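J.: The structure that follows is given in the form of structure tokens.
The values are calculated or read from the model by the stated rules, or taken from the named source; none is laboratory data. Bear in mind that the values here come from a model prediction, so they are computed numbers and not experimental data. Counting neighbours? That spans all protein chains shown, and the Cβs are built from the backbone with ideal geometry, glycine included.
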Amino acid sequence: MWEVLNDLIEEGVERHVFDIVVKEMRDMHFIAFGQGCTKEQAISLLNPAMADITFDVCTPDQIDTICMALIDRMEAMVDTHPTVSFVMATFHHRLGSSEPIMIHFWRKGYSQLMNFWNRPNFKVDMIKEVIDEEIKACGLDPENVLGKEFAFPVIHDTSIGINLPMCKVYMGPITFGPMGQTLTVLTRNLFHEMKHFRVDKPAEKRRLMMSFETASERYCQEVQVIERFLAEYGFGVGNEQLEKEFELIMDLAQPANSPDDVQNKATRALHELIPNIIEDRRERTLRMYRKVREEENVPWPIKDADPTLRKAFDALQSGCYKCTADSVHDALMVMAVNHWKPKRVTEMLPTIQQQTLARIRNKALIRLSAGELALLKHQQGPEDLGAFLIITALLHKAGEKEKWYM
């Protein structure tokens, strides 16, 4: 616009042409028309970036000259709005004026503000907070300038750290089939539990506690089904180890008494449950799948599974001795053309954290960077898809009577 205006002026612009350009600037919200303090028509710049651009391209002396010119123009409108006095105070600070002059304008603006809003509200508190910062930026003490009665509520918010956000984005490995979704519900609930110490919503809290209860109970049942199956291949664990895991799960599902309790639960989930228990079970499940491939047999859960899972398992096994990306694509294509969808858990779980075919494909084929692995916890591959098919068939059969899934 600046170049266009200069070209017009250089060539000798006619009135109607200039009016078109001005209209364009008005339509683009660069400028606005109104009445100035002298009741004459005035043009206002609407783009806040103009001030930043001006400050960047001008020398300090030029900035000071602009400040002095603005002070002269604003002097006549100082009684029109509180912000005018505040702006003049900051300009005088820029020009190195004496403290009494700055204090005069801060007090005048504050008095106008209190008269403008004669009762407390959140907007006044927000403005007071800005005033406090601006007075301090001028090297003055707000209490000395505006008096001891100058006060506003300050919100002191504490950080929730990194563990809770990581619990929110964590997704159980596809290796465990539906149990991976159950695990995701538990870790996700930890994140949402924190907000109940900040916002009092009893109904939401009851739903969350119910979600904890049903998910933790189903998790323990799913673990027992999986462990009995793994024991058939010689990869099971003892009852003592399972009891410790169940105790940990029940501790995570218990209502927290304080924000610190929620933080402790998140820490235990990320640094105790996932690396020590989940990864161990995942590795044993993958060893089971490798043994299935070596023996070239069809495990009994697949024999009893729905036709789509059986066909997908056959497509995955039809590759070479080691699972490949091609065999993964073949298995997923079988599931896609047969419109296979995961059975949903009974608790609330966003679509992005459900085991859709798109999510399964990404988990089985995408290679994670070191940073992604630190966030997502599990580097999964084609073998995880093979285990997924077996464990999904296993848990679907076991959950039919109990109606674990929807």
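One line per residue, one yes/no per condition, for (1) at pLDDT 90 or above; (2) of a type in the set (Val, Ile, Thr); (3) within 29 Å of Ile63 (Cβ to Cβ):
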residue	(1), (2), (3)
Arg73	no, no, yes
Thr80	no, yes, yes
Thr83	no, yes, yes
His93	yes, no, yes
Arg107	yes, no, yes
Phe122	no, no, no
Asp141	yes, no, yes
Phe152	no, no, no
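J.: Return the pair list, or none, for Cβ contacts closer than 6 Å from residues in region 374-386 that are part of a helix (DSSP H, G or I) to residues that are surrounded by fewer than 20 Cβ atoms within 10 Å (Cβ to Cβ), at least 6 apart or on different chains.
T.: Listed by first residue and then by second, the contacts come to Glu383/Leu286.
J.: Can I ask one more? Quick one: would you say Leu389 is touching a Leu at 6+ places or on another chain (Cβ under 6 Å), within 29 Å of Glu294 (Cα to Cα) and in a helix (DSSP H, G or I)?
T.: yes
Residues are listed down the side, and each one gets a yes or a no for (1) at pLDDT below 95; (2) in contact with an Asp or Glu (Cβ under 9 Å, 6 or more places away or on another chain); (3) not aliphatic (A, V, I, L, M):
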{"residue": "Val298", "(1), (2), (3)": "yes, yes, no"}
{"residue": "Lys303", "(1), (2), (3)": "yes, no, yes"}
{"residue": "Asp306", "(1), (2), (3)": "yes, no, yes"}
{"residue": "Gln317", "(1), (2), (3)": "yes, yes, yes"}
{"residue": "Cys323", "(1), (2), (3)": "yes, yes, yes"}
{"residue": "Asp330", "(1), (2), (3)": "yes, no, yes"}
{"residue": "Pro342", "(1), (2), (3)": "yes, no, yes"}
{"residue": "Glu347", "(1), (2), (3)": "yes, no, yes"}
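J.: Sticking with this structure for a sec: Considering every residue within region 50-65, establish whether at least one is closer than 23 Å to Ile20 by Cα and either out of contact with any Lys or Arg (no Cβ under 8 Å at 6 or more places or on another chain) or at pLDDT below 85 (or both).
T.: Yes.
J.: Can you tell me which residue within region 64-82, out of those that are of a type in the set (Val, Ile, Thr) and surrounded by 14 or more Cβ atoms within 10 Å (Cβ to Cβ), is farthest from Ile127 (Cα to Cα)?
T.: Ile66
J.: Among all residue pairs at least 6 apart or on different chains, which show Cβ distances below 8 Å where the first residue, located in region 72-83, is farther than 17 Å from Tyr110 by Cα and the second is part of a loop (DSSP other than H, G, I, E, B)?
T.: Taking only residues 6 or more apart or on different chains, the pairs are Ala76/Cys37; Ala76/Thr38.
J.: Collect the residues in region 187-232 that are acidic (Asp, Glu) and modelled with pLDDT under 95, keeping them in residue-number order.
T.: Glu193, Asp200, Glu204 - these are the residues of region 187-232 that are acidic (Asp, Glu) and modelled with pLDDT under 95.
J.: Can you report the number of residues in region 54-71 which are free of Cβ contacts under 8 Å to residues at least 12 places away in the same chain and not small (Gly, Ala, Ser)?
T.: Of the residues in region 54-71, 9 are free of Cβ contacts under 8 Å to residues at least 12 places away in the same chain and not small (Gly, Ala, Ser).
J.: While we're on this one: Just to be sure before I move on: is Gln263 out of contact with any Phe, Trp or Tyr (no Cβ under 7 Å at 6 or more places or on another chain) and at pLDDT below 95 in the structure I sent?
T.: Against the criterion (out of contact with any Phe, Trp or Tyr (no Cβ under 7 Å at 6 or more places or on another chain) and at pLDDT below 95), Gln263 qualifies.
J.: Take the residues of region 338-350 that are in a loop (DSSP other than H, G, I, E, B) and closer than 19 Å to Lys397 by Cβ: which is farthest from the chain's Cα centre (by Cα)?
T.: Ranking the qualifying residues of region 338-350, first place goes to Asn338.
J.: Before we move on, is Arg367 more than 27 Å from Val225 (Cα to Cα) and among the basic types (Lys, Arg)?
T.: Yes: the conditions hold for Arg367.
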